[in-house]
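Trainee: Supplied in structure tokens, the structure appears directly below.
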Amino acid sequence: MKTIEDLGDLRGKRVLVRSDFNVPLDGSTITDDGRVRAALPTLKALLDAGARVVVTAHLGRPKGAPEAKYSLAPVAARLGELLGQPVALAQDTVGESAKATVAALGDGEIALLENIRFDPRETSKVDAEREELASELAALADVYVSDGFGVVHRKQASVYDVARKLPSAVGALVLKEVASLRKATDDPERPYVVVLGGSKVSDKLGVIANLLTKADRLLIGGGMVFTFLAAKGYSVGSSLLEEDQIETVKGYLAEAEQRGVEIVLPTDIVVADAFAADSPHDVVPADAIPDGRIGLDIGPDSCELFRSKILDAKTVVWNGPAGVFEFEAFSNGTRAVAQALVDAGANGAFTIVGGGDSAAAVRLLGFDEAGFGHISTGGGASLEFLEGKSLPGIAVLEEEA
């Protein structure tokens with residue numbers, strides 16, 4: 001893949017950057033600006049080079065039309081604060097406001113186009129529709145830089161099609177993401193340990209199948225663990241359970257045993273009366289979850305077990321929280337996993353937090369991000385990378401190189 005340096009002198013050039021600004025909002029307040037901060041190295045490098053920077057990004061899941069709650073206005077304001085300079089916000093994606101906003105840019109200035117998903121062509125399954133939008137985006141710029149890792153697994157106009165219409169390069173963020181994930185998947189230092197959590201086994205079927213051929217040890221937590229416990233014949237009460245995946249999970253357990261891959265399941269579970277922050281709760285053995293109660297975290301013994309299985313690793317990848325970390329009473333498992341990664345890193349392990357809820361948990365629980373080898377900005381993209389899939393937004397840049 002070409003990098004920004006391969007694009008030559010960018011002074012006065014209009015550079016279209018695809019960033020990932022899909023941040024969580026409370027009204028118009030950004031509650032986690034991690035993705036905005038992650039974009040800064042690329043944007044600063046381009047601005048310092050005298051480029052006229054035009055950023056396109058999405059926020060939320062609008063239905064292909066403008067919705068005020070999904071406006072990028074809060075992002076423009078926060079980005080301006082972080083960059084220390086104004087960020088002009090176009091009122092549309094590729095229309096008259098976008099054209100005028102870009103035309104008004106001087107060298108070393110930056111503009112943000114309104115939410116690209118306000119245009120239904122961005123996510124269209126019809127190639128010609130996406131290409132039409134990509135052509136309109138390309139008309140606003142001289143070169144293209146892909147720096148939104150959270151969307152590189154999507155074949156979308158601003159991610160894939162526009163890269164075929166302009167001289168293209170990869171930004172610093174995507175370059176770092178790909179290098180880090182390849183380090184953890186192509187030839188990892190061993191022991192190679194993967195911690196998987198989150199709600200559903202079905203979200204991670206391909207990942208588990210692929211990791212059974214690569215990892216030395218899989219630690220399973222989060223809501224998905226109950227399908228594993230059910231596959232071992234245990235009752236899981238009212239906990240999240242995908243009954244249609246039980247046979248698949250039985251197959252994984254058998255394959256792991258055959259391959260000598262250790263699958264580590266919790267030995268105790270924090271169960272509650274209901275899915276609520278203040279629900280009465282206590283700890284029970286993982287094979288004795290009472291009827292009518294719901295598992296919301298791994299228990300204290302499991303925290304110690306998981307820690308011991310992480311500490312001797314040389315490579316650790318973590319994707320998915322161990323429990324409902326948003327509720328303080330059920331955050332201990334996720335906190336224990338995060339701390340174990342920090343401590344393993346201090347012992348020389350290369351550690352990756354695989355984006356999405358895991359990255360949000362690290363920040364919400366107050367961990368210093370410097371304590372991890374790499375915190376990914378792309379949950380879905382990280383998963384598909386771990387699954388061994390080709391990511392369209394990366395493949396097209398390798399094609400163009």
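Trainee: Kindly list the number of the only condition in (1) small (Gly, Ala, Ser); (2) at pLDDT 95 or above; (3) in a loop (DSSP other than H, G, I, E, B) that fails for Gly388.
Mentor: (2)
Trainee: Go through region 176-200 and give me each residue that's part of a helix (DSSP H, G or I) and touching a residue at least 40 places away in the same chain (Cβ under 8 Å).
Mentor: Lys176, Glu177, Val178, Ser180, Leu181, Lys183, Ala184, Thr185
Trainee: Here is a further query. Assigned to a helix (DSSP H, G or I), touching a Leu at 6+ places or on another chain (Cβ under 9 Å), surrounded by 18 or more Cβ atoms within 10 Å (Cβ to Cβ) and not basic (Lys, Arg), is that true of Phe325?
Mentor: No.
Trainee: Of all residues in region 135-152, which are assigned to a loop (DSSP other than H, G, I, E, B) and either over 16 Å from Arg117 (Cα atoms) or aromatic (Phe, Trp, Tyr) (or both)?
Mentor: Of everything in region 135-152, those that are assigned to a loop (DSSP other than H, G, I, E, B) and either over 16 Å from Arg117 (Cα atoms) or aromatic (Phe, Trp, Tyr) (or both) turn out to be Ala139, Leu140, Ala141, Asp142, Asp147.
Trainee: Also, quick follow-up: Does Lys99 meet the test of being among the basic types (Lys, Arg), surrounded by fewer than 16 Cβ atoms within 10 Å (Cβ to Cβ) and at pLDDT below 95?
Mentor: Details: among the basic types (Lys, Arg): yes; surrounded by fewer than 16 Cβ atoms within 10 Å (Cβ to Cβ): yes; at pLDDT below 95: no.
For Lys99, the condition - among the basic types (Lys, Arg), surrounded by fewer than 16 Cβ atoms within 10 Å (Cβ to Cβ) and at pLDDT below 95 - is not met.
Trainee: Among strands (runs of 3 or more DSSP E) lying entirely in region 218-298, which contain 3 or more residues that are more than 19 Å from Pro321 (Cα to Cα)?
Mentor: Of the strands (runs of 3 or more DSSP E) lying wholly inside region 218-298, those with at least 3 residues that are more than 19 Å from Pro321 (Cα to Cα) span 281-285.
Trainee: Which numbered condition trips up Leu16, out of (1) at pLDDT 95 or above; (2) exposed (fewer than 15 other Cβ atoms within 10 Å of the Cβ)?
Mentor: The one condition Leu16 does not meet is (2).
Trainee: Can you tell me which residue among Ile294, Ile375 is under 19 Å from Val236 (Cβ atoms) and not hydroxyl-bearing (Ser, Thr, Tyr)? Write out each step before concluding.
Mentor: Working: Ile375 fails: under 19 Å from Val236 (Cβ atoms).
None of the other options fit; the residue is Ile294.
Trainee: Restricting attention to region 117-155, which residues are under 12 Å from Thr56 (Cβ atoms) and in contact (Cβ under 8 Å) with a residue 60 or more places away in the chain?
Mentor: Glu122, Leu137, Ala138, Leu140, Ala141, Tyr144, Val145, Ser146, Asp147, Gly148, Val151
Trainee: A further question on this structure: Please identify the pairs in which a residue from region 201-216 that is within 14 Å of Thr248 (Cβ to Cβ) and β-branched (Val, Ile, Thr) has its Cβ atom under 8 Å from the Cβ atom of a residue that is modelled with pLDDT of 95 or more and surrounded by fewer than 18 Cβ atoms within 10 Å (Cβ to Cβ), counting only partners at least 6 apart or on another chain.
Mentor: Val201/Thr248
Trainee: Still on this model: Applying the selection to region 50-109, what residues are basic (Lys, Arg), touching a strand residue (DSSP E or B) at 6+ places or on another chain (Cβ under 7 Å) and part of a helix (DSSP H, G or I)?
Mentor: Correct list: Arg78 only.
The values are calculated or read from the model by the stated rules, or taken from the named source; none is laboratory data. Just so it is clear, the model here is predicted, and its values are computed rather than measured. Positions of Cβ are generated from backbone atoms using ideal geometry, with glycine treated the same way; all protein chains shown enter the neighbour counts.
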